[in-house]
Amino acid sequence: MAQKLFLLPGDGIGTEIMKEVEKVIAWLNSQGETDFSFDSGLVGGCAYDAHGEAISEEDMQKALAADAVIFGAVGGPKWDKVPYEKRPEAGLLRLRKDLKLFANLRPAICYPALADASSLKRELIEGLDILIVRELTGGVYFGEPKTITDLGNGQKRAIDTQVYETYEIDRIVRVAMDLARTRKNKVHSADKKNVMKSGVLWDEVAQAVAKDYPDVEFHHILADNAAMQLVRNPKQFDVMVTDNLFGDILSDAAAMLTGSLGMLPSASLGAPDAVTGKRKALYEPVHGSAPDIAGTGVANPIAMLASFAMALRYSFNLVALADRLEAAISSVLADGLRTGDIAQDNRKTVGTEEMGAAILKK
Ligand code: NAI
Ligand code: MG
């Protein structure tokens with residue numbers, strides 16, 4: 001049976017980089033390597049223009065029915081004055097909520113050809129391949145109370161609340177452990193149990209889950225030390241699991257050890273279906289719609305293509321195919337091909353289509 005992809009290119013460069021994914025899908029199907037059926041919808045500003053909502057009910061249903069959603073990027077100055085609940089980002093938030101995507105996977109990989117472009121020494125990052133697993137639906141970004149109170153004396157008080165329950169920690173640590181088994185069998189769990197009750201519970205639950213994975217090496221690390229170690233010696237890590245806030249910061253820091261925004265993929269996974277065991281999932285580049293370069297054909301499609309490689313790996317278990325796509329990306333970089341955002345020393349650059357075509361050819 002065909003495997004169902006739902007493509008949501010979105011706005012700005014989202015539409016340009018998604019075309020390169022479509023070409024890869026069409027080619028894989030034509031070679032009999034895959035049997036993907038794919039449909040596209042509107043999300044973000046373009047959906048607002050068409051339907052008055054950042055995503056229509058019909059497209060939401062298609063996303064829920066798909067085996068994987070491939071998402072480009074949303075937003076742009078054109079929609080700056082749109083009502084808050086209909087703004088482009090609302091489409092992505094709705095998808096994350098309704099697909100119940102609680103696990104955000106952010107890899108940091110060093111492409112050898114780009115190792116010298118990093119601010120870190122080559123020996124620190126050459127061969128780097130780490131995966132940060134960030135809890136995405138709980139913690140201080142959502143906990144109640146969440147208020148700003150006027151104290152009346154020219155002072156205000158702001159309150160955010162960090163809340164985690166056992167099941168939320170248990171399921172995200174299991175995701176990290178399962179992923180580690182497909183990698184180097186090593187997990188670091190980062191929290192601040194020295195000063196936060198939520199950290200105490202986080203570690204208690206993580207340690208208990210780790211007992212179910214005797215084959216996976218498990219380490220506790222304080223989140224501030226994790227930040228330091230990521231910069232000092234990042235190759236000591238394989239998988240790092242942490243909460244929403246620390247994960248937001250640590251994943252951005254880890255990603256920038258090696259990459260530029262146009263290179264960074266991500267995946268967000270939901271709970272396994274009770275009947276089929278399949279997880280809902282959404283794959284997207286980390287960057288936004290880049291209005292400053294949209295329409296000029298210069299956007300780097302690598303973050304988008306690498307996100308699609310994650311879909312091959314995590315939603316369809318097409319591991320060899322994901323490896324080949326990632327190797328093709330690495331290989332065109334080794335050949336010296338660069339889009340403008342990753343060009344060094346005034347090298348000649350290529351546009352979105354040329355980069356996509358070169359990767360497909362490999
Ligand atoms: P951005 O990521 O769109 O762009 C930041 C800078 O990086 C720009 O100079 C851009 O040209 C460059 N850049 C980004 N991706 C690139 C690529 N693939 N190739 C070459 N250069 C690339 O972030 P910015 O400018 O803060 O936001 C622009 C719009 O995107 C806003 O409306 C924002 O809300 C939205 N946004 C959407 C996201 C999403 O859809 N998940 C995430 C982040 C921002
Ligand atoms: Mg962030």
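Excluding Leu93 itself, what net charge comes from residues whose Cβ is under 14 Å from its Cβ, given Lys and Arg +1 and Asp and Glu -1? Around Leu93, the surrounding residues sum to +1. Simple rule: put +1 on each Lys or Arg Cβ and -1 on each Asp or Glu Cβ in the chain, find the dipole, and look at Leu321, Ala255, Pro265; the Cα lying farthest toward the positive end is Ala255. Could you tell me which of Val200, Asn153, Ile125 has its Cα farthest along the dipole of the range 121-240 towards the positive end, charges placed at Cβ (Lys, Arg +1; Asp, Glu -1), taken about the Cα centre? My answer, from the dipole projection, is Ile125. Here Lys211 is the anchor, and the aspartates and glutamates within straight C-alpha reach of less than 18 Å, apart from those fewer than 8 places off in the same chain, are Glu168, Asp170, Asp178, Asp203.
Looking at the range 61-217, the pairs of alpha carbons with a distance over 19 Å make up 71% of the total. A viscosity of 1.306 mPa s and a temperature of 10 °C, combined with the Kirkwood radius over Cα pairs in Stokes-Einstein, give a translational diffusion coefficient for the range 191-286 of 103 µm²/s. Using alpha carbons only, what's the Rg to Rh ratio of the chain with Rh from Kirkwood? Value, to two decimals: 0.97. Listed from fewest to most Cβ neighbours within 10 Å, the set Thr242, Thr34, Thr166 follows the order Thr166, Thr34, Thr242. Distance from the Cα centroid of the range 319-356 to that of the range 243-262 is 21 Å (rounded to whole angstrom).
Cross-link pairs exceeding 22 Å between alpha carbons, from the set Lys235/Lys361; Lys146/Lys197; Lys81/Lys156; Lys197/Lys280; Lys19/Lys362: Lys235/Lys361; Lys81/Lys156; Lys197/Lys280. In units of the rule-of-thumb radius 2.2 N^0.38 Å, the range 164-203 shows an alpha carbon radius of gyration of 1.26. Placing dummy labels 7 Å off each Cα toward the beta-carbon, the span from Gln344 to Gln31 is 2.9 nm. Once both labels are positioned 7 Å from their Cα atoms along Cα-to-Cβ, the gap between Asp215 and Asp252 label points is 3.7 nm.
Straight-line cross-link partners of Lys184 among the aspartates and glutamates, defined as a Cα under 19 Å from its Cα and at least 8 positions apart when in the same chain: Glu126, Asp129, Asp212, Asp215, Glu217, Asp238, Asp323, Glu326.
The numbers here are math on the coordinates, done by the rules we state, and not lab data. Just so you know, these numbers come straight off a predicted model, no measurement behind them. When we count neighbours, we look across all protein chains shown, and the Cβ atoms used for this are built from the backbone with ideal geometry, even at glycine.
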